[in-house]
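The values are calculated or read from the model by the stated rules, or taken from the named source; none is laboratory data. Note that the structure is a prediction, hence the values are computed from the model and not measured. Neighbour counts are summed over all protein chains in view; Cβ atoms, including those assigned to glycine, are modelled from backbone coordinates with ideal geometry.
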Amino acid sequence: MRMHNVRRALLVLLPLLLLLATGRAALAADPADLQLQAPQEATLGEQVTVTAVLRDASGTPIVGAPVILWSPAQFLSTGGAVQLGKVATNARGEATFRYEARTEESVVLNASFSGDSRYSAAQASAQMAVQGSAQLYQSSAGVRVPGVSVWLLVGLLGGVWGTYLAVMVLLTLIAREGAKAPSRAGGQHG
Amino acid sequence: MDKVKNGPREQLERVVLGPLVRTGKGYRLLVGGLVLVVLWALFAYSTQLRDGLIVTGMRDRILWGFYIILFVFFIGISHAGTLISAILRVVKAQWRTPVTRMAEFITVVALSVGGLMPMLDLGRPDRIPNLVLFGRWQSPILWDVLSISTYLTGSIIYLYLPLIPDLAICRDRLGNEVPGWKRWFFRVASVGWQGTARQKKLLSIALASMMVLIIPVAVSVHTVVSWIFAMTLREPWNSTVFGAYFVAGAIFSGIAAIILVMAVLRRAFHLEAYITHKHFINLGYMLGGFTLIMMYFNVSEYVVTGYKMAGETSFHFVQLMVREYAPFFWLYTIGGMVLPGLIILFPKTRTFTGVLVAAGLVLVGMWMERFIIVVAGLRVPLMPYDPSWYVPTWVEWSIMAGAFAMFGLVIAVFSKLFPVISIWEVAEQYEEHEVKEAPALGRSLPATGSLRMEPTSEPPAEGADHGPGGTR
């Protein structure tokens, strides 16, 4: 009976102890410093490199920490954070992203580190002005057959409308002929 | 010449030109009724314009409805005219002469009404110019705009060319029987036609060019209309034969439309002597032939896709054949193809009335066919969501009624402006027969008509005694 009570007490206490230990660890987390490096200007459609650098308070790189790159976005009445990428930091504490600017606007880029057992969460922002008017979507034909292009369509249509035009010319000739011929009301027309 | 003046040609002119100078009470009532329906449709459209497409039954899942169904339906009917008329001219079918003009009327009117439908389908009609301003060559929508505008232009030219000698007859024969503006119209529209040998030759060349050109143009139009569907990633529209299927369906419904319009005009304008039961029976044969072609396409399409049953085909087959759209599908299959085919097949039912009934069934059936292609096709879910429903609202019903009323109205107005039968072609044919069977011909022509003709005072110009020649 006594053993049973001890087990029961352990079952209740163990999770509490664990919770205390992790809580303590969190409380004891060191501050992390996150910096985001992005070009201030970019051309529409250009691929730019955005680098987030994560260091501890002493400036030592934090290695293998996941960093998320995101941007705020709005669509109709809904808004939220659009995740652009998630990369683990390298030996220099850098997380490098390739970002393609697809909208002509001032883009706000954010990098977030959500923290772990050793380091607290950190966030950084950068702003990038995107300019340009390039057509970004370029469709490509699955199979390119020589000679089959929009010009074939133009040629066909041109042939049809050219015939219409020729018929119109014939009509003017009919009218001109009618003007020359004497009027014959009541005559044969067929 | 005296024989001609008092003979079949004069009788023909009296009967055919009669409606251009006389307007009965029935005609006014009909036109008044049609105008009212069109005005009601305009009111319905103004509601849609004010409140947006929310007043229709179209939503994000089934995004096409009556407007696109009517678009396909009317473009289909438009094949009646030009294509059938051109084919009959090319093969020199002798019985065609009283039929072709009406067929060509139908084409122009149906194309104009059908072409309006996609514009009504747009919630923002002010964006129509964007199709041209920002259109992409790769888009079937742009092909559609190009092909329909090309076909409409060609059809107007093709309708107008054989009208020229008849307009000259109107100009010379009707005189003070018609108001001044009509006289002016006939004078201008007949482009100084005097029937000289050179004019006939020029007209023959123009007609020959157009009749050969208009056939591929007409075929391309309905093929492109089918591509609006077939080039969209939807399971029921994944078909390589859609183009041919649509062209066959268009001619099929077009013949039915000619038969019905011809029956109405024949009765209204007392053209029984010129448009005989034989014409209806001949068109009935064409209808019967196309019934078989349509059956073949349907069997080919459904057996092949049904055998593989890939993707969402089973969903589509179930909704089409045994569940939600089964009444439409079987009404189209049995009522729109099998039954008309049987009516034409048996000599006992292959009568004037039988052909009219078959044509009516075909038109209803083909409307159903377009309904199941558009609505049932779009109902197949693209993603795992519940299948939607399309329930047309009063706005769509009103606009559909308005579209049919507009079709009837324009034909009614047209029949008061132009001879509904090609006088010179029929006369030419009769004169050819007259040479061979003079006594029989005299009996076959009607001795009716109260139209007063102006006397023939001047002799015909040199070379004016014959039609435009062998090309027609």
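Among the residues examined, B:S112 does not qualify as hydroxyl-bearing (S, T, Y) and touching a Ser or Thr at 6+ places or on another chain (Cβ under 8 Å). Checked against (1) without any contact (Cβ under 8 Å) to a residue 60 or more places away in the chain; (2) more than 9 Å from chain A (Cβ to nearest Cβ); (3) more than 19 Å from B:A86 (Cβ to Cβ), B:L174 passes all but a single condition, namely (1).
Restricting segment A:139-173 to residues that are part of a loop (DSSP other than H, G, I, E, B) and surrounded by 11 or more Cβ atoms within 10 Å (Cβ to Cβ), the residue that is farthest from the chain's Cα centre (by Cα) is A:V148. Considering every residue within segment B:58-66, establish whether at least one is touching a Lys or Arg at 6+ places or on another chain (Cβ under 8 Å) and in a loop (DSSP other than H, G, I, E, B). For segment B:58-66, residues touching a Lys or Arg at 6+ places or on another chain (Cβ under 8 Å) and in a loop (DSSP other than H, G, I, E, B): present.
Taking the stated definitions as given, is A:L136 within 30 Å of B:V191 (Cβ to Cβ) and either outside the structural domain of A:G64 (by TED's automatic domain parsing) or part of a helix (DSSP H, G or I) (or both)? Criteria not met by A:L136. Does at least one position in segment B:110-130 carry a residue that is within 14 Å of chain A (Cβ to nearest Cβ), at pLDDT below 90 and touching a helix residue (DSSP H, G or I) at 6+ places or on another chain (Cβ under 7 Å)? The answer is no; no qualifying residue exists. All but one of (1) in contact (Cβ under 8 Å) with a residue 40 or more places away in the chain; (2) under 30 Å from A:A57 (Cβ atoms); (3) in a strand (DSSP E or B) hold for A:G85, so report the exception by its number. If we test A:G85 against (1) in contact (Cβ under 8 Å) with a residue 40 or more places away in the chain; (2) under 30 Å from A:A57 (Cβ atoms); (3) in a strand (DSSP E or B), just (1) comes out false.
Residues that are exposed (fewer than 10 other Cβ atoms within 10 Å of the Cβ), outside any strand (DSSP E or B) and either of a type in the set (K, R) or at pLDDT below 95 (or both): does segment A:37-48 have at least one? Scanning segment A:37-48 turns up at least one residue that is exposed (fewer than 10 other Cβ atoms within 10 Å of the Cβ), outside any strand (DSSP E or B) and either of a type in the set (K, R) or at pLDDT below 95 (or both). Inside segment A:58-74, residues that are more than 13 Å from A:E94 (Cα to Cα) and in a strand (DSSP E or B) make up a count of 5.
Being within 26 Å of B:S46 (Cα to Cα), β-branched (V, I, T), in a helix (DSSP H, G or I) and within 14 Å of chain A (Cβ to nearest Cβ) is true for just one of B:I69, B:I75, B:I148. Which residue is that? Among B:I69, B:I75, B:I148, only B:I148 is within 26 Å of B:S46 (Cα to Cα), β-branched (V, I, T), in a helix (DSSP H, G or I) and within 14 Å of chain A (Cβ to nearest Cβ).
Among the hydroxyl-bearing types (S, T, Y), more than 11 Å from every other protein chain (Cβ to nearest Cβ) and out of contact with any Cys (no Cβ under 8 Å at 6 or more places or on another chain): does that describe B:S204? The answer is no for B:S204. None of B:R14, B:R9, B:R59 is in contact (Cβ under 8 Å) with a residue 12 or more places away in the chain and within 30 Å of B:V380 (Cβ to Cβ) except B:R59. Across segment B:179-218, the number of residues qualifying as crowded, with 19+ Cβ neighbours inside 10 Å and among the aliphatic types (A, V, I, L, M) comes to 11. In this structure, is B:L88 part of a helix (DSSP H, G or I), surrounded by fewer than 24 Cβ atoms within 10 Å (Cβ to Cβ) and under 19 Å from the mean Cα position of the chain (by Cα)? Yes: the conditions hold for B:L88.
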